[in-house]
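The values are calculated or read from the model by the stated rules, or taken from the named source; none is laboratory data. Since the structure is predicted, the reported quantities are computational estimates derived from the model, not experimental observations. Because the Cβ atoms are built from the backbone with ideal geometry, glycine has one as well, and the counts that use them run over all protein chains shown. Side chains included, ligands, DNA and RNA excluded: accessible areas come from the protein's heavy atoms. Shrake-Rupley method; radii C 1.70, N 1.55, O 1.52, S 1.80 Å.
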Amino acid sequence: MDFITEEQIQKYRQDGYLVLERFFSPEECDALRERMAVIVERMDVPLHCRTEFSTEQEEQLKTQGSADYFMSSGDKVRFFFEKGVFDSQGDFLVPRERSVNKIGHALHASEPVFKNVTHSPKVQELSRKLDFKQPVVVQSMYIFKQPGIGGEVTPHQDATFLYTEPLGRVMGVWIALEDATEENGCLWFIPGSHKTGITRRMVRTPAGTFPRTQFIGSERTYADEKFVMAPVKKGSLILIHGEVVHRSAMNSSNHSRHVYTFHIMESENTRWSAENWLQPTQELPFPSLYT
């Protein structure tokens, strides 16, 4: 069975993203959600690790970049929270299952259910059709997009954070575990924007300095009318080129928008930047996608 046609491959190369409807079954999606519910129920988060997650540039530097918890999460399963979900004592103001923004960044290695989906024969075949020779998995995330409070993700390019030489070697695989709609914060893309490079990078600062990361360059300003909405049904998969500009709005609905997403990199003749926040470790080198 062909999971992607030649016409779809050409559309991905032209637009920088591609929607593959109902790529995974409802049962496969439910299995990921059920396992995540258990992880959240069992999470034991120390007070000093209750780090709020934001995509605003200054907040990103203060919370993500400055926190050892974030910087050392590449080979672990760690928890990042929405704004305003803790009181002054660090206790939950909302049910814990409604507090989490995302969990990352090694679900693909630490959790068998997520590992099976990441390395599923369908995903491997898809990657081969896209001419990936030696793809490795660099990170994975479960994104909750909580009802009513799930934060906006401002326009960005993944290569800002996951930089390679040459560029164009990273691809995001975004799996909708629920319907993603305009109301609950589906993705929006600027078709073809992956062809103009990047203007901003988030890099590590020298050891012992604070904050732990800094931005070099600045994000371009994008006209709203350039963005194309990409609502999808549960089980659909979106391929995201590392340089395509995309965003999502705040979740203004009463429904969550759960997503499992991971990034793969073509490792053949590619250099992963030592300045990236995310680095392979001795405990978890970037694993091959192909099994």
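In this structure, is His194 assigned to a helix (DSSP H, G or I) and more than 22 Å from Ser25 (Cα to Cα)?
Answer is yes for this residue.
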Scanning the range 97-132 for residues that are basic (Lys, Arg) and open to solvent by less than 70 Å² (accessible area, probe 1.4 Å) gives Lys102, Lys122
Lone qualifier among Leu32, Leu18 - being among the aliphatic types (A, V, I, L, M), at pLDDT 95 or above, assigned to a strand (DSSP E or B) and closer than 25 Å to Phe286 by Cα: Leu18
For residues that are in contact (Cβ under 8 Å) with a residue 24 or more places away in the chain and either out of contact with any Leu (no Cβ under 8 Å at 6 or more places or on another chain) or hydrophobic (A, V, I, L, M, F, W, C) (or both), scanning just the range 31-42, find the one that is nearest to Lys115 (Cα to Cα). Leu32
Sole residue being of a type in the set (Ser, Thr, Tyr), under 22 Å from Val19 (Cα atoms) and free of Cβ contacts under 8 Å to residues at least 60 places away in the same chain, chosen from Thr209, Thr261, Thr196: Thr196
Being within 21 Å of Ile103 (Cβ to Cβ) and either β-branched (Val, Ile, Thr) or surrounded by fewer than 20 Cβ atoms within 10 Å (Cβ to Cβ) (or both): is that true of Glu283 here? yes
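What about Phe24, is it of a type outside the set (Val, Ile, Thr), surrounded by 14 or more Cβ atoms within 10 Å (Cβ to Cβ), at pLDDT 85 or above and part of a loop (DSSP other than H, G, I, E, B)?
yes
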Out of all the residues in the range 133-150, which are part of a loop (DSSP other than H, G, I, E, B), surrounded by 18 or more Cβ atoms within 10 Å (Cβ to Cβ) and either under 14 Å from the mean Cα position of the chain (by Cα) or at positive phi (or both)? Phe144, Lys145
Output the residues belonging to the range 161-175 that are out of contact with any Pro (no Cβ under 9 Å at 6 or more places or on another chain), outside any loop (DSSP other than H, G, I, E, B) and among the hydrophobic types (A, V, I, L, M, F, W, C). Val170, Val173, Trp174, Ile175
Hits in the range 66-83 - residues which are modelled with pLDDT under 90, farther than 22 Å from Phe210 by Cα and open to solvent by 50 Å² or more (accessible area, probe 1.4 Å): Lys83
If I filter the range 225-257 down to residues being charged (D, E, K, R) and over 16 Å from the mean Cα position of the chain (by Cα), which single residue comes out as surrounded by the fewest Cβ atoms within 10 Å (Cβ to Cβ)? Glu225
Out of Thr63, Thr55, sole residue that is part of a loop (DSSP other than H, G, I, E, B), surrounded by 12 or more Cβ atoms within 10 Å (Cβ to Cβ) and modelled with pLDDT under 65: Thr55
Here is a list: Gln89, Gln139, Gln157, Gln134. Which entry is without any contact (Cβ under 8 Å) to a residue 40 or more places away in the chain and either in contact with a helix residue (DSSP H, G or I) (Cβ under 9 Å, 6 or more places away or on another chain) or not small (Gly, Ala, Ser) (or both)? Gln89
Just give me the residues in the range 231-283 being of a type in the set (Ser, Thr, Tyr) and touching a Ser or Thr at 6+ places or on another chain (Cβ under 6 Å), in sequence order. Thr270
From the list Arg212, Arg204, Arg200, which one is of a type in the set (D, E, K, R) and open to solvent by less than 40 Å² (accessible area, probe 1.4 Å)? Arg200
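In the range 85-95, which residue that is under 23 Å from Ser256 (Cβ atoms) and touching a Leu at 6+ places or on another chain (Cβ under 7 Å) is most open to solvent (accessible area, probe 1.4 Å)?
Asp87
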Within the bounds of the range 169-186, is there any residue that is among the β-branched types (Val, Ile, Thr), open to solvent by 40 Å² or more (accessible area, probe 1.4 Å) and at pLDDT below 95? no
